[in-house]
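Report on the structure given below.
Readers should treat all values here as calculations from the given coordinates under stated rules, not as data from a laboratory. None of these values were measured; they are calculated from a predicted model. Neighbour counts run over all protein chains shown; Cβ positions are idealised from the backbone, glycine included.
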Amino acid sequence: MIHTKYLSLFSALIILLSSTSFSKENVYLYNYMDKAPFVVNENKSIGLNYDFVTFLNQHSIKYTYQLITIPKQRALAQLVTQGALLWVNPNWVDDLHQDKYWWIKNLITDRELYISNDPALIYHGPQTFTDKIYVGVRGYNYENLTTLTQQKKLTRVDVTKEELVPIMLYKNRADIGIIGAQTYFYFHKQHPDITKNLFILENYQLNFFRSILISKAKKAVKEDIESWFRSEQGQAQWLIIKKKWLHDKIMLIPNEN
């Protein structure tokens, strides 16, 4: 009888633990950036985003986080009721006062770079690019160059993703390229044969931080992710992610080849 009693208690505990593990709520982490180091190979789940989600799921006892790549506007529509959007800035989502969404702020340092295949080109403001061709990503808005482009004093060529910007310059299909620093420095590690022929223009500084935006309806998700960042294990894992994927001196380096 005693053995049967303990066996019954043990079985009940197993069932309870099993039901608890299967009751975790799914939370979508939206991503709209198809670029390294955040997404290196979507089919093989390689990139910063995938490591981040893996570590979060190891930590969380409440949620199962799922990475979903969709356009930004679709993600923002979903965020009315659920989920989080990775690696954005309040300026990009009309939330300057940071009251439309919950935020876990200033996690990744980044910078917009102007790069060129002309070593003699020196940046003295947007007028530097008059009568030149610049390459950017389709759908991206480069406010600093909008006026020149509208006045037909600057020609814009679009590519589908940022990793193609240095390649276009390398092939002499444009004079200037616009690319995020984290993406450029990751590309530099993979293709030094290309970047050795390119130059970061000095005198242009547009630094920014990437943060996590979370639905106002999901404060508990914010608290869960923050608990990972605060935990000893989370701090160690975040350091692993940064060392593996990120350049750590973006704001300190005006020019690097």
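Key figures
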read-out	value
Segment ASP118-GLN82, length gained on full extension (0.36 nm per residue, minus Cα span)	8.3 nm
Of the DSSP H helices in the chain, those whose Cα atoms cover at least 18 Å axially and whose Kyte score averages 0.0 or more	2-22
Cα-centre dipole for the stretch 93-242 with unit charges at Cβ (Lys and Arg positive, Asp and Glu negative), debye to 20	220
Mean ellipticity per residue at 222 nm, deg cm²/dmol - from DSSP H runs of n ≥ 4 across the chain, formula -39500 (n - 2.57)	-11000 deg cm²/dmol
Computed FRET value (nearest 0.05) for GLU223 with GLU143, which takes r as the C-beta separation and R₀ as 25 Å	0.10
Lys, Arg +1 and Asp, Glu -1 on Cβ, resulting dipole of the stretch 117-200 about Cα centre, debye, nearest 20	140
Net charge dipole size for the chain [Lys, Arg +1 and Asp, Glu -1 on Cβ; Debye, nearest 20]	480
Residue-span extension gain [LYS243 to HIS191] - 0.36 nm each, minus C-alpha spacing	16.8 nm
TYR32, TYR140 arranged by Cβ crowding within 10 Å, fewest neighbours leading	TYR140, TYR32
Long-range Cα-Cα pairs in the chain (distance over 34 Å), rounded percent	29
Taking ASP193, ASP34 and counting other C-beta atoms within 10 Å, the order from fewest to most	ASP193, ASP34
Too-long pairs where the Cα-Cα distance tops 31 Å, listed order kept, from LYS152/LYS189; LYS105/LYS132; LYS152/LYS242; LYS24/LYS189; LYS105/LYS171; LYS44/LYS171	LYS152/LYS189; LYS105/LYS132; LYS152/LYS242; LYS24/LYS189; LYS105/LYS171
Ascending count of other beta-carbon atoms within 10 Å, so fewest first, for ARG138, ARG173	ARG138, ARG173
